[in-house]
1. In the stretch 47-75, which residues are touching a helix residue (DSSP H, G or I) at 6+ places or on another chain (Cβ under 9 Å), β-branched (V, I, T) and farther than 14 Å from R120 by Cα?
2. Which residues, taken from the stretch 95-135, are among the hydrophobic types (A, V, I, L, M, F, W, C), farther than 16 Å from A48 by Cβ and in contact (Cβ under 8 Å) with a residue 12 or more places away in the chain?
3. Any residue in the stretch 84-98 that is among the aliphatic types (A, V, I, L, M), part of a helix (DSSP H, G or I) and either more than 17 Å from the chain's Cα centre (by Cα) or surrounded by 11 or more Cβ atoms within 10 Å (Cβ to Cβ) (or both)?
4. Can you confirm whether T53 is touching a residue at least 40 places away in the same chain (Cβ under 8 Å), part of a helix (DSSP H, G or I) and on the phi < 0 side of the Ramachandran plot?
5. Residues that are closer than 21 Å to D149 by Cα, within 15 Å of the chain's Cα centre (by Cα), surrounded by fewer than 19 Cβ atoms within 10 Å (Cβ to Cβ) and touching a residue at least 40 places away in the same chain (Cβ under 8 Å): does the stretch 64-73 have at least one?
6. Does E80 satisfy the condition of being of a type in the set (D, E), outside any loop (DSSP other than H, G, I, E, B) and either modelled with pLDDT under 90 or under 20 Å from the mean Cα position of the chain (by Cα) (or both)?
7. Inspect all residues belonging to the stretch 43-62 and state whether any of them is touching an Asp or Glu at 6+ places or on another chain (Cβ under 9 Å), modelled with pLDDT under 85 and of a type in the set (V, I, T).
8. Collect the residues in the stretch 115-152 that are in contact with a Lys or Arg (Cβ under 8 Å, 6 or more places away or on another chain) and part of a helix (DSSP H, G or I), keeping them in residue-number order.
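The values are calculated or read from the model by the stated rules, or taken from the named source; none is laboratory data. This structure is a prediction, so every number in the text was calculated from the model and none was measured. Quick reminder, even Gly has a Cβ in these numbers, built from the backbone with ideal geometry, and neighbours come from all protein chains shown.
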Amino acid sequence: MNIPHAVAKALPGEVYPGEVVRDDHGKKIASTTTIFPVVVAGGRAVDALRSITVAQHLFGIRNIVVVHHTYCGATSFTPEGLIKAFNAEQGVDISGLYDRCNIAISDYESSLQRDTRLFREWKGTPKKVNIYGYLFNIDTEVLTLIVEDRAA
């Protein structure tokens with residue numbers, strides 16, 4: 001099972017991957033899917049913010065689902081360690097590029113809480129969407145709801 005399939009199973013009524021819709025000439029014009037995965041390194045929400053605005057404009061999203069998974073590579077380093085290693089490897093100081101809290105994952109629960117809060121507070125997120133934070137256990141293929149932030 002992959003993560004989008006797990007999310008589709010967790011949210012009743014959602015369709016993934018859906019069917020491609022074609023016009024009379026066979027040109028692809030749409031899809032019946034209701035889940036549009038945005039995959040980012042380390043799964044951190046800050047890297048997906050622009051995609052939320054675009055998805056809202058194009059598709060009128062109803063739910064945002066942040067999924068972290070066990071054994072994520074973003075748990076294997078610290079923000080300071082990455083900054084130091086990048087400088088040593090590339091000769092470039094990236095210390096001012098990112099908020100330290102958005103670089104690595106120290107623990108899944110606080111990371112999901114921070115990421116879902118970031119989506120809720122960001123001006124590019126529609127106020128009427130529901131936001132969920134899940135942890136996908138790779139060993140058991142179980143998707144566990146950690147954060148549920150329903151629109152008011």
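1. Once the filter is applied, which keeps residues that are touching a helix residue (DSSP H, G or I) at 6+ places or on another chain (Cβ under 9 Å), β-branched (V, I, T) and farther than 14 Å from R120 by Cα, the stretch 47-75 yields V67, T70, T75.
2. Answer for the stretch 95-135, where residues must be among the hydrophobic types (A, V, I, L, M, F, W, C), farther than 16 Å from A48 by Cβ and in contact (Cβ under 8 Å) with a residue 12 or more places away in the chain: A104, L135.
3. yes
4. It is true that T53 is touching a residue at least 40 places away in the same chain (Cβ under 8 Å), part of a helix (DSSP H, G or I) and on the phi < 0 side of the Ramachandran plot.
5. Among the residues of the stretch 64-73, at least one is closer than 21 Å to D149 by Cα, within 15 Å of the chain's Cα centre (by Cα), surrounded by fewer than 19 Cβ atoms within 10 Å (Cβ to Cβ) and touching a residue at least 40 places away in the same chain (Cβ under 8 Å), which makes the answer yes.
6. Answer is no for this residue.
7. Yes.
8. Answer for the stretch 115-152, where residues must be in contact with a Lys or Arg (Cβ under 8 Å, 6 or more places away or on another chain) and part of a helix (DSSP H, G or I): just D115.
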